[in-house]
1. How large is the Rg to Rh ratio of segment 1-48 when both quantities use alpha carbon positions and Rh follows Kirkwood?
2. Please identify every one of the GluC sites (Glu not before Pro) in segment 41-143 that sits in a loop by DSSP and has no more than 16 other beta carbons within 10 Å of its own beta carbon.
3. At 0.36 nm per residue, minus the direct Cα-Cα distance, what do Ala108 and Val29 gain on full extension? Give it in nm, one decimal, please.
4. What order do you get for Tyr32, Tyr24 when you list them from fewest to most C-beta neighbours inside 10 Å?
5. Among the trypsin sites (Lys or Arg not before Pro) within segment 1-106, which fall in a DSSP loop and have no more than 15 other Cβ atoms within 10 Å of their own Cβ?
6. Per Stokes-Einstein, at 37 °C and 0.692 mPa s, what whole-number D in µm² s⁻¹ belongs to the chain, with the Kirkwood radius over Cα pairs as the hydrodynamic radius?
7. Would you mind estimating how fast segment 74-135 diffuses translationally, via Stokes-Einstein at 37 °C and 0.692 mPa s with the Kirkwood radius over Cα pairs, in µm²/s?
8. Please list, or write none, the lysines whose alpha carbon is within less than 20 Å of the alpha carbon of Lys106, excluding same-chain residues fewer than 8 places away.
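What follows is calculated from the coordinates using simple rules that are stated; it is not laboratory data. Remember, it's a predicted structure, so these values are computed and weren't measured experimentally. Positions of Cβ are backbone-derived with ideal geometry, glycine not excepted, and every protein chain shown enters the neighbour counts.
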Amino acid sequence: MIVFDLKCGGGHVFEAWFGSSDVYEKQRVAGYVRCPVCDDDRIAKAVMAPAISAKSNSKPPPASPDAVKAAMKMLATRQAKALESSEWVGTAFADRARAMHLGEEKHATIHGQASLSEAKALIEEGVPVAPLPLPIVPPEKAN
């Protein structure tokens, strides 16, 4: 796996993981790589800072509870906004994502459930999938 910092045409910078540089390029050209903030498909690699490790005896300062709470709230808000335009497909996620990738079904933004083995198989096949950062309650289980 390789991680890239990406930037959309709207200026949003985000991180994404790919099986290789070739997989990234194929998915980008096909329009599968999209900005998680604004859904823009004009994506390019952003300048990445080199990974320089800290001194072994230094530790970053701990985040304050208020900072952690604010970050989690922002993440939850952004995830909810992103899911507004996404269709819940439940346990059919792997089958639907694969069908879209193979051109058997019209492309759409979907989210649902997949086992670890299903998710790994999708990634190995080059299907553009990513886990949600926060868990969600399936619609059929929500109050």
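1. 0.92
2. Within segment 41-143, the qualifying GluC sites (Glu not before Pro) (loop, at most 16 other Cβ atoms within 10 Å) are Glu84, Glu104, Glu105, Glu125.
3. 26.7 nm
4. The order, fewest Cβ neighbours first, is Tyr32, Tyr24.
5. Arg42, Lys55, Lys106
6. 190 µm²/s
7. Value of D from the Cα-based Kirkwood radius: 269 µm²/s.
8. Lys26
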